[in-house]
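For reference, the structure discussed in these notes is given below.
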Amino acid sequence: MADLTDAEIDTALERGRVAHLVEPRATAARYDRKSARIIVELNNGCTFAFPPHLAQGLETATHDELATVEILGAGYGLHWEALDADFRVSGLLAGVFGTKAYMARRAGQATSPAKAAAARANGAKGGRPKKQA
């Protein structure tokens, strides 16, 4: 790896200062058993909640395991030690609940009236057409 120059280091430090000022960070996090949601309080006064079954590594966790959520660093991440699961707060806010491969699998599981109708129509025609060589 090439040595970093002073200018590159200064640029990275400035990006970090700006991110610290503008990126939402967690100030508190907990698992709410009643709603079955992870609740994250943000430094900008907002609250974000998500169902753990959407998140890679949390989908089969018990209530007790989910309750052990910790905030990482300056509030940029959430961590579950027993589950070996970590998430960036900015990623969660953007709807990123796992790796690219995990998210692609989750997208394929999505259902909608249009998807159900298309599946029924394809089934009536004998299923998905064979791929041509």
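Taking into account only those residues within region 72-104 that are aromatic (Phe, Trp, Tyr) and not in a helix (DSSP H, G or I), which is farthest from Ala28 (Cα to Cα)?
Phe97
Can you name the residue in region 41-69 that is in a strand (DSSP E or B) and of a type in the set (A, V, I, L, M, F, W, C) and is also surrounded by the fewest Cβ atoms within 10 Å (Cβ to Cβ) among such residues?
Ala49
Looking at region 107-129 only, could you name the residues that are at pLDDT 75 or above and either outside any helix (DSSP H, G or I) or in contact with a helix residue (DSSP H, G or I) (Cβ under 9 Å, 6 or more places away or on another chain) (or both)?
Passing the criteria: Lys125, Gly126.
Of everything in region 21-40, what is part of a loop (DSSP other than H, G, I, E, B), in contact (Cβ under 8 Å) with a residue 12 or more places away in the chain and either hydroxyl-bearing (Ser, Thr, Tyr) or at negative phi (or both)? Give them in sequence order.
Across region 21-40, the qualifying residues are Glu23, Pro24, Arg25, Arg33, Ser35.
Would you check which residues across region 62-73 are out of contact with any Asp or Glu (no Cβ under 8 Å at 6 or more places or on another chain), at pLDDT 90 or above and under 21 Å from Thr47 (Cβ atoms) and list them?
Scanning region 62-73 gives His63, Leu66, Ala67, Val69, Ile71.
Is it fair to say Leu72 is surrounded by 14 or more Cβ atoms within 10 Å (Cβ to Cβ), without any contact (Cβ under 8 Å) to a residue 24 or more places away in the chain and under 21 Å from Gly16 (Cα atoms)?
yes
The values are calculated or read from the model by the stated rules, or taken from the named source; none is laboratory data. All values reported here derive from a predicted model rather than from experimental measurement. Neighbour counts run over all protein chains shown; Cβ positions are idealised from the backbone, glycine included.
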